[in-house]
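Below is one structure, written out as structure tokens; the observations come after it.
The values are calculated or read from the model by the stated rules, or taken from the named source; none is laboratory data. Remember, it's a predicted structure, so these values are computed and weren't measured experimentally. Cβ placement follows ideal geometry from the backbone for every residue including glycine, while neighbour counts extend to all protein chains displayed. For the accessible areas, the whole protein counts, side chains as well, though only heavy atoms, and no ligand, DNA or RNA atoms are used. Shrake-Rupley method; radii C 1.70, N 1.55, O 1.52, S 1.80 Å.
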Amino acid sequence: MAMENGNILEVEGLRVWFPIRRRLSELIARKPPRYVRAVDGVSFNVKRNETFCLVGESGCGKTTTGKALLRLVPISGGSAYFQAREEILEELSRRGIKVGDDGRVDIFGIPPSKMKPLRREIQMIYQDPFGSLNPRYKIGAILEEPLKIHNLHLTRDEVEDLIHRVLEEVRLTPPEDFVDRHPHQLSGGQRQRVAIARALILKPSLIIADEPVSMLDVSIRAEILELMGMLKEREGITYIFITHDLAVARYICDRIAVMYLGRIVELGDARRVIEDPKHPYTKALVAAIPEPDPRNRLRIRNVPIKGEIPNAANIPPGCRFHPRCVAYDENRERLGERCRVEEPPYFTVERGRVVSCWLYEHFS
Amino acid sequence: MASRPKSSRRRFEDLRRGLANLAREFRRSKTGMTGLTILIILTFIAVFFPIIGDPEAIDNWTNLEYWQDNPKKAPPCWAASDAFRTVIITRNNTSPTGAELVTREWMTPDGRKVSSFSLLFTVEKKPPTNINVEFRVSYKKTTRILILLERPDGQVVYLTKNPFEGRGTSVKDVFGVATTKFNGTVSKQISSYVTKPKNVENFLRPWLESNGYKIGTAEISVLTKSGFDILFAKLTPNLFNQIEYLPGRYNLTIAFVSKDPDSSFEVKKIVLVGGCFGLAGSDKYGRDLLQGLLYGVKWALIIGLLASLASTLIGGVYGVVSGYAGGVVDEVMLRIAQVIYSIPVLPILILLFAIIKPSIWILIGLLVVFGWPGMAIVTRSMALQLKEETYVEAARAIGAGHFRLVFLYILPQILPYMFASIALSVPGAVIAEASLSFLGLGDPTILTWGKILNEAQNAAATINGYWWWVLLPGIMITLVGTTFILIGQALDTILNPRLKR
């Protein structure tokens with residue numbers, strides 16, 4: 001079924017709630033536990049070999065969503081059906097994990113201790129290339145680590161061959177110049193290439209890239225993005241690309257999900273979302289994209305948003321964006337008190353395009 | 001599989017280069033090299049003690065007879081230049097030279113055999129503090145003894161009655177053996193003989209009175225204390241308030257007068273006990289403190305290194321595991337560590353050793369038991385920080401297990417800190433042992449600096465001015481402490497680059 005619609009991943013109602021440590025007085029008073037609702041009911045599908053983007057301000061839960069898919073944060077609820085390779089599925093069922101007839105497995109249904117086989121399929125690239133590589137290991141050892149952990153029964157020559165090939169693939173050539181270096185001897189762009197190489201070496205089908213270029217020099221960003229694009233073509237890799245930068249998103253994404261305070265507010269084709277944003281929040285984000293034309297640099301731009309992002313521990317009732325929503329103020333008469341009371345469902349505004357805003361109620 | 005050694009060789013190569021870097025940086029650090037130099041010297045002393053020291057002295061440390069010829073409570077000779085240097089005379093050997101023994105034998109007209117031993121020695125500034133005599137004697141008839149001292153000023157002091165006039169003094173009065181028949185060894189410390197109240201009354205008093213001194217109760221009490229010194233004093237009017245020594249050649253004659261013509265008397269040993277001893281002085285039993293100080297290095301290093309190594313490793317791993325585990329496990333582990341950390345170690349050890357028999361190994365064990373939490377609490381907080389590092393999470397995402405994360409990703413980052421901490425926590429362990437021994441709760445079978453200090457305290461060394469007895473062990477303890485602090489600080493500066501500036 002999943003194969004039919006071409007989805008490699010189907011996430012449904014993902015919730016990641018971090019409990020807030022209660023004070024003793026609260027425990028005695030038996031107050032209900034409070035949570036930071038980092039991710040609060042997120043659903044999306046990722047098609048095979050596409051670049052699916054999660055965009056939003058910092059703190060909106062996009063990184064947490066990515067980590068949840070790797071079970072790096074505790075999951076509070078939801079499901080994530082993943083289409084895994086045959087050998088991985090076999091390995092999983094050998095460990096007593098229930099695998100569907102259609103070859104799909106629920107990532108959130110696997111105990112974290114039995115996740116290991118699946119980790120070959122889903123890899124992560126981090127934002128900070130300075131922090132994501134063990135400073136005590138050489139590049140060769142860093143790349144060898146995944147092979148060791150997954151115990152792939154390779155001979156020494158095969159391992160070295162693999163390391164060389166993957167280094168060539170990320171264009172760190174000649175490879176022998178790099179295997180014996182420590183991360184601190186490389187530039188930021190080179191390190192990010194090593195991180196990509198580490199993600200590639202297990203031949204995953206899904207790579208979660210968490211702001212992979214936002215800490216790099218602007219001059220290097222395009223190179224890395226281009227490399228990622230090339231790998232997508234050549235290796236058939238699917239990306240979940242997390243970014244706060246719509247300019248980058250426009251360049252690389254096939255589809256975009258805009259997140260706000262732990263929820264997706266708008267999801268659709270990347271070009272369409274950026275060219276014609278529907279949700280008031282998306283509109284604000286798009287309006288905030290830096291103006292490339294220097295003649296306009298002095299123009300005061302009108303970004304249609306107000307206030308600050310609320311605390312995820314204290315999410316506003318109703319539509320969580322309403323306190324900052326300019327459209328809500330403008331359309332007060334039409335919308336009434338609805339936005340303050342009731343959370344908007346997803347309205348399909350065009351094919352493959354959903355928006356969570358009462359303004360589009362008429363589309364349903 | 002044949003390629004396995006290659007990877008381990010590469011690892012080894014890494015380690016070797018890392019250590020080489022460390023060594024290079026360490027060599028540049030002045031404090032570190034100072035500390036290392038002292039440590040090497042100390043280790044040398046500890047290892048080669050059987051060669052450079054006197055193991056026999058340590059074996060006989062509690063055998064007080066072994067030490068009886070040494071000056072008691074004597075300062076080190078480098079600090080007492082005017083003191084008399086010990087001379088030991090045996091039948092065929094005098095060492096060092098400077099004293100002379102003249103032996104003569106003759107028969108008196110009335111058939112008594114006289115065996116006379118004259119000991120000639122020179123006093124330059126201060127006299128001996130005592131004279132120990134030991135004779136092999138054999139007689140079957142009444143034997144009397146004559147002891148007299150000829151002084152450089154011509155005075156002759158009789159320390160016995162004259163056996164040629166009247167009854168004389170019997171052997172029994174001096175050596176406590178039967179007067180009429182004895183075969184064996186006799187020995188006496190002249191000082192204690194001279195200052196016996198009876199002898200003061202009989203011999204010192206008449207001598208001094210003949211020199212015009214008035215002897216009252218006060219003077220008698222001075223004589224019973226320092227009568228031996230007065231034998232070597234200038235006969236100044238102020239004699240009883242301040243002794244001024246009379247330099248020159250003295251002659252101490254001991255003569256046996258026996259009615260037994262077949263009697264035999266020979267010197268076994270005569271010791272002119274000096275006023276100073278060795279490089280580190282002696283204690284109240286005359287024991288060579290230098291040997292104690294040198295020997296103590298070994299135990300200080302063993303106690304310090306073992307206790308700090310074990311507690312740092314245990315605490316380090318415990319802390320990392322606790323911090324890594326997080327949640328309830330961390331909470332429980334941390335609380336346990338904090339509870340132990342808050343126990344005052346010394347009072348507990350004092351209590352424990354009052355109940356159980358103190359042993360050095362139990363002590364080291366207990367120092368570890370109470371010593372690890374400090375390290376654990378620090379490494380826990382470091383692990384809490386490190387486990388959030390992206391590269392640790394990245395490894396988790398790849399599928400690295402707990403063991404791998406703790407021991408290959410987190411612990412190696414903390415290891416340098418632990419190295420420095422091992423060095424820095426050595427002094428604590430050394431001082432803890434010294435404190436316990438000082439309080440008399442140390443291992444009784446092992447000689448440590450703390451134990452020497454304990455004996456010094458029991459002898460009220462500080463009040464009596466036996467500074468060497470207190471100061472030198474104290475300096476040794478400080479030296480070991482300083483050594484490791486220097487090394488630890490140097491390592492700390494190199495391994496925690498943030499401290500460099």
For the stretch B:396-476, what is the relative contact order in percent, using Cα pairs closer than 8 Å and at least 6 residues apart in sequence?
18 percent
For a distance above 30 Å, tell me the whole-number percent of Cα pairs in chain A that qualify.
44 percent
Need one number for chain B: average projected area of the convex hull over its C-alpha atoms, nm².
35.1 nm²
Taking the simple approach of a point 7 Å from Cα along Cα-to-Cβ for both A:Glu233 and A:Glu330, what is their distance in nm?
4.0 nm
Express the relative contact order of chain A as a whole percentage, based on alpha carbon pairs under 8 Å and six or more residues apart in sequence.
18 percent
The stretch A:18-80: trypsin sites (Lys or Arg not before Pro) falling in loop per DSSP and having at most 12 other Cβ within 10 Å:
A:Arg21, A:Arg23, A:Arg30
Listed by chain and number, the lysines with an alpha carbon less than 18 angstrom from that of A:Lys306, same-chain partners under 8 positions apart left out, are A:Lys278, A:Lys283
Rg ratio (alpha-carbon, reference 2.2 N^0.38 Å) - the protein assembly as shown:
1.59
Residue-averaged beta-carbon neighbours from other chains (10 angstrom radius) around A:131-142
5
I'd like to compare A:49-59, A:124-134: which one has the highest average count of other Cβ atoms within 10 Å, and what's the full order after that?
A:124-134, A:49-59
With an 8 Å cut-off on Cα pairs and a minimum separation of 6 or more residues, tell me the relative contact order of chain B in percent.
21 percent
Could you compute the longest span of chain B free of GluC sites (Glu not before Pro) located in DSSP loops and having at most 13 other Cβ atoms within 10 Å, not counting the site residues?
B:245-387
In cubic angstrom per residue, the convex hull of the stretch A:103-150 built on its Cα atoms measures 111 Å³
For B:Thr142, list long-range residues whose amide hydrogen, built 1.01 Å from N in the peptide plane, is under 5 Å from its own amide hydrogen.
B:Lys259
Which pairs in the list B:Lys72/B:Lys451; B:Lys196/B:Lys269; B:Lys125/B:Lys214; B:Lys234/B:Lys269 are over 20 Å apart, alpha-carbon to alpha-carbon?
B:Lys196/B:Lys269; B:Lys125/B:Lys214; B:Lys234/B:Lys269
Would you mind checking the pairs B:Lys73/B:Lys198; A:Lys114/A:Lys148; B:Lys126/B:Lys198 and listing those with alpha carbons more than 23 angstrom apart?
B:Lys73/B:Lys198; B:Lys126/B:Lys198
Which of A:Ala327, A:Ala38, A:Ala249 moves most in a GNM of chain A, Cα contacts under 10 Å?
A:Ala327
Ellipticity estimate at 222 nm from DSSP helix runs (n ≥ 4, -39,500 (n - 2.57)) divided over chain B, nearest 500:
-16500 deg cm²/dmol
Top of A:Glu169, A:Glu26, A:Glu233 by mean-square fluctuation, Gaussian network on chain A, Cα under 10 Å:
A:Glu26
Would you tell me the mean number of C-beta atoms belonging to other protein chains that fall within 10 Å of each C-beta in B:396-408, as a whole number?
6
Please enumerate, by chain and number, the lysines with C-alpha under 21 Å from the C-alpha of A:Lys47, excluding those fewer than 8 residues away in the same chain.
A:Lys62, A:Lys67, A:Lys203, A:Lys232
Cβ neighbours within 10 Å from other chains - mean over A:143-152:
3
Would you be so kind as to list the residues of the stretch A:86-128 that have their accessible area lowered by at least 20 Å² in the full protein complex compared with their chain by itself (1.4 Å probe)?
A:Arg119, A:Gln123, A:Tyr126
Please give every one of the aspartates and glutamates within straight-line cross-link reach of B:Lys161, meaning a C-alpha to C-alpha distance under 18 Å, and leave out same-chain neighbours fewer than 8 residues apart.
B:Glu150, B:Asp173, B:Glu201, B:Glu209
